[in-house]
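Working notes for the structure below.
No value in this document is a laboratory result; all are computed from the given coordinates. Treat the numbers as computed from the prediction; the structure is a model and nothing was measured. Cβ: placed from backbone, ideal geometry, glycine included. Neighbour counts: every protein chain shown.
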Amino acid sequence: MAAGSLDYPKILLFDIDGTLIESGGAGGGALHQALQRAFGIQSPRPVALHGRTDRGILHDLLLSHGLAADKKNLERLKAHYFELLPHCLRERPGRVLPGVVELLARLAACRDVICGVLTGNMARSAQMKLDHFGLSHFFHFGIYGDLAIERNELAAPTRQCIDRLVIERSSAPRQRPVSDAGSLCHANVVVIGDTPMDVALARALNARCLAVCTGAFDRTQLQGATRIVPDLHDVDEIESFLLSPVQEKCR
Ligand SMILES: [Mg+2]
């Protein structure tokens, strides 16, 4: 079935943690172990993780332990994190969240639908998580947390990515960047995520947002999303929302 409107493809941008998977704390665990191994810090202090970019988290972790957030320290911390994350993913009781595999399989069969990840994870750790849970093959591209300290700063590279995809995949002559044409972006781009930061990023893109309550935030905290669902288990309903012509206005 052709899903995009006005001959533009439908672009679906999925967050990873709390939306597609629950890692059982593997990411946070690997970060703390990396801090211990890289800098000998025995009892790392926690920093906020949910919805943030890894770049921002690493930056704050270094500063909160009295370390300079410079390139050398960041690279050192990242190297240990990438080494530890696969072990932590294997050791922790993670899972793919309800409905995710069936939904992604259905979307993969739709013409003019392009699924990507829009995540605070760095590209390498995102790949590790998707590989571990057997989801990598569903995604054609990604916008990752390497690019920004604040999640909303991912809006600019996401717009560039949308424009590039439209040039590559659209059957319509391109009059102007689709991300500049608010109504087209609203009709054709959906952000799927579990945090208020995902909702804010969708608004910054003038995209629709499907918020799921499978992470650390409830329906009240996710207000502002176009649609809020408990999880992705009702695949018929979710698919219909993601692919239907726009009937709901962003609030
Ligand atoms: Mg998330």
Just the ratio, please: alpha-carbon radius of gyration of segment 24-134 over 2.2 N^0.38 Å, N its number of residues. 1.21
Put a dot 7 Å past each Cα toward the Cβ at Ala108 and Arg95; how far apart are the dots in nm? 2.2
Convex hull volume per residue for segment 15-62, taking Cα atoms only, in Å³: 72
Value of relative contact order over the chain, rounded to a whole percent, pairs C-alpha under 8 Å and six or more apart: 27
Place a point 7 Å from the Cα of Phe82 along the Cα-to-Cβ direction; which residues of segment 110-147 have their backbone N under 12 Å from it? 122-128
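Can you tell me the alpha carbon radius of gyration of segment 26-91 divided by the globular rule-of-thumb value 2.2 N^0.38 Å?
On the way: Rg = 10.8 Å, N = 66, 2.2 N^0.38 = 10.8 Å.
Normalised by 2.2 N^0.38 Å, the Cα Rg of segment 26-91 equals 1.00.
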If amide H atoms are modeled at 1.01 Å from N in the peptide plane, then the residues at a separation of 5 or more from Ile192, or on another chain, having amide H under 5 Å from its own are Leu13, Phe14, Asp15, Leu210
Would you mind computing, in nm to one decimal, how far apart the modelled labels at Lys72 and Ser240 are, each placed 7 Å from Cα along Cα→Cβ? 6.0
When the chain is fully extended, how far beyond the present Cα-Cα distance does Leu147 get from Arg164, taking 0.36 nm per residue of separation? 4.4 nm
Residues other than Asp17 with Cβ under 10 Å of its Cβ, Lys/Arg counted +1 and Asp/Glu -1, net out at -2
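Relative to the present Cα-Cα distance, how much length would full extension add between Asp131 and Asp60 at 0.36 nm per residue of separation? Walk me through the intermediate numbers first.
Values: separation 71, 0.36 × 71 = 25.56 nm, distance 2.73 nm.
That pair, Asp131 and Asp60, stretches by 22.8 nm at full extension.
Output the relative contact order of segment 26-91, whole-number percent, from Cα pairs under 8 angstrom with separation of 6+ residues.
Rounded, it is 46 percent for segment 26-91.
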